[in-house]
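Reading through the structure tokens given below for one structure.
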Amino acid sequence: MEWLDILSNVLHPSVSVYLVIGVLVGVGIGTLPGLTATMAVAILTPLTFWLQPEQGFAMLIGVYNSAIFAGGISAILINTPGTPASIATSFDGFAMTRKGEVGLALGINTIYSVIGGLFSSFVLIIAAFPLARFALKFGPAEYFALAIFGLSMMISVSEKSILKGLLIGTLGLLISTIGLDPMLSSPRYTFGNIHLMEGISFIPVMIGLFGVGEVLHQIFENDQKVRSIMADNTIGRIFPTLGEVKRLLPSTALSSVISVVTGAIPGAGGDIASIICWDQAKRMSKKPEEFGEGSIEGLANTCLANNGVIGGAMTTMLTLGIPGDAVTAVLIGSLMMYGMQPGPRLFVEHADFVKRFMLLMVLANIVILFVGLLGAKLSVKILKVKKEIIWMLVLLLCVIGSYALNSSFVDVVVMSVAGILGFFFRKMEFPLGPFILGMLLGRLGESNLRRALALSQGSYSIFITKPITIILLIAAILSIVIPLIKEFNKKKTVQIH
């Protein structure tokens, strides 16, 4: 079946209607803090069992893509990421809202999320097998080097104080060690509590730090700045200017590649990709001091990375049967529910379905573009609601989102503790980015370090004899050294003047 015939098939109302429904549901779920894309896909998968495969996956693909994009809406409006992938969006998105550029922030979130999604979808169509083969080369040594490279970003995301960033990043690393030992399965730092056997869940911590922590901070500060921005009915321009687009082109082009490759690596999702892309954009920028203060460069690159990983994750999932992230793990179950086994044979036995799948990815992003731009004014109405109502609603959603993850009250307690910590971190001006990196990458780095040493019988030469590992470790060293040199030169220049 030719591509044009397949396109006409997926554009048929019997399929496209489910795609639009999926996008709308994903936007609603993604905007609400704590209700992740994984949860949305998992909930909807049983409901699609009674549909044809292309109809069911039209809905699931729509939910997946739009929920990731929509997580940036709440990150921009109330500084509470709707999904983990939108953590870095809050770095500059909320700052733009405070500056009165809420319309532009929402426009950039929509446009660059769609650009990232479309780019990764076309990569999926054109280069699925090469990317999957590259990801297959990653063994324990490569994963450890990747974790070290990610952890090296602590320096760049430490904002005003590198020391504070390293301290809080170390705290994140320590928390990642709670639970069963990754090699021996013996309990560590659980204090006999069976609820801590699987470690501290990342989602409740994220909800607490960025949701509850932000609410407590706003209550304490009683900040009227955001409210005054929306006193009238205008939100300002939504589209970036041609000059701004040209300025964003070099960094966003690099972020497109980084996000797709990151997505193709199992376990490295949009949260990690967006922080890496934010960091690389800051290094390339002529105005790095604006990052974290409302930089459109920082926002555009993180939004692009959020959805840019999806095509890479889908590549690994479809061609190898290996989930690139939590959502694709659920989608593997969905494929098997329809009697299709992800892997190389899928491209032979169900070639037509794979092509429909790829085109649905493209169409989902086009629908998101229209929904996002047309709904910008509607979504911003949340800022016109009384702040007390928003605070109560956000806290309620934080509790629901934390509990719904594992139906565990312990997660609600974890979220509450993280919220209190998040408030004090803000008051003491501790950056949250390094904490997130430490918690995300700590277990990945530790488990793969020990696996690599087990394979090499204790020899550390395994980390300097593999090309991918060497490149990642050199990149990590440069990521640490270059910011320190810049900081030293800046202080030296100040002293001279």
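Candidates in the stretch 158-176 are the residues that are small (Gly, Ala, Ser) and modelled with pLDDT under 85; of these, the one that is surrounded by the fewest Cβ atoms within 10 Å (Cβ to Cβ) is SER161.
Scanning the stretch 422-438 for residues that are in a helix (DSSP H, G or I) and over 16 Å from LEU395 (Cβ atoms) yields a count of 10.
Just give me the residues in the stretch 111-131 being under 15 Å from the mean Cα position of the chain (by Cα) and either hydroxyl-bearing (Ser, Thr, Tyr) or over 22 Å from VAL327 (Cβ atoms) (or both), in sequence order. Full working, then the answer.
Narrowing the stretch 111-131 to residues under 15 Å from the mean Cα position of the chain (by Cα): 112-114, 116-117, 120.
If the condition is that a residue be under 15 Å from the mean Cα position of the chain (by Cα) and either hydroxyl-bearing (Ser, Thr, Tyr) or over 22 Å from VAL327 (Cβ atoms) (or both), then TYR112, SER113, SER120 are the ones that fit.
ALA67 meets all of the listed conditions (1) crowded, with 24+ Cβ neighbours inside 10 Å; (2) more than 15 Å from VAL327 (Cα to Cα); (3) at pLDDT 75 or above but one, namely (2).
Does THR110 meet the test of being under 15 Å from VAL23 (Cβ atoms) and surrounded by 24 or more Cβ atoms within 10 Å (Cβ to Cβ)? The answer is yes for THR110. How many of the residues in the stretch 411-446 are of a type in the set (Phe, Trp, Tyr) and under 15 Å from SER158 (Cβ atoms)? Final tally of qualifying residues: 3. Within the stretch 452-478, being part of a helix (DSSP H, G or I) and either among the aromatic types (Phe, Trp, Tyr) or in contact with a helix residue (DSSP H, G or I) (Cβ under 6 Å, 6 or more places away or on another chain) (or both) holds for ALA452, TYR460, ILE462, PHE463, ILE468, THR469, LEU472, LEU473, ALA475, ALA476.
Rundown of residues vs (1) within 30 Å of VAL215 (Cβ to Cβ); (2) crowded, with 21+ Cβ neighbours inside 10 Å; (3) modelled with pLDDT of 75 or more, yes/no style:
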position	(1), (2), (3)
GLY343	no, no, no
PHE357	no, yes, yes
GLY372	yes, yes, yes
TRP391	yes, no, yes
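Here's the yes/no breakdown for (1) among the hydrophobic types (A, V, I, L, M, F, W, C); (2) closer than 28 Å to SER90 by Cα; (3) loosely packed, with under 13 Cβ neighbours inside 10 Å:
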residue	(1), (2), (3)
GLY179	no, no, no
ASN193	no, no, yes
LEU196	yes, no, no
ILE200	yes, yes, no
PRO204	no, yes, no
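Can you tell me which residue in the stretch 267-319 is nearest to the chain's Cα centre (by Cα), limited to those that are of a type in the set (A, V, I, L, M) and surrounded by fewer than 24 Cβ atoms within 10 Å (Cβ to Cβ)? The extreme case among them is ILE296. Does ALA313 satisfy the criteria of being within 22 Å of PRO342 (Cα to Cα), in contact with an Asp or Glu (Cβ under 6 Å, 6 or more places away or on another chain) and of a type outside the set (S, T, N, Q)? Considered against the rule, which asks whether it is within 22 Å of PRO342 (Cα to Cα), in contact with an Asp or Glu (Cβ under 6 Å, 6 or more places away or on another chain) and of a type outside the set (S, T, N, Q), ALA313 comes out as yes.
Do we find that SER456 is of a type in the set (Ser, Thr, Tyr), surrounded by 12 or more Cβ atoms within 10 Å (Cβ to Cβ), at pLDDT 85 or above and more than 24 Å from the chain's Cα centre (by Cα) in this structure? Yes: the conditions hold for SER456.
When ALA95, ALA67, ALA145, ALA127 are screened for being among the aliphatic types (A, V, I, L, M) and in contact with an Asp or Glu (Cβ under 9 Å, 6 or more places away or on another chain), only ALA95 passes.
The values are calculated or read from the model by the stated rules, or taken from the named source; none is laboratory data. It should be emphasised that the depicted structure is a prediction, and the values quoted were computed from it without experimental measurement. Glycine also receives a Cβ, built like all others from the backbone with ideal geometry; neighbour counts cover every protein chain displayed.
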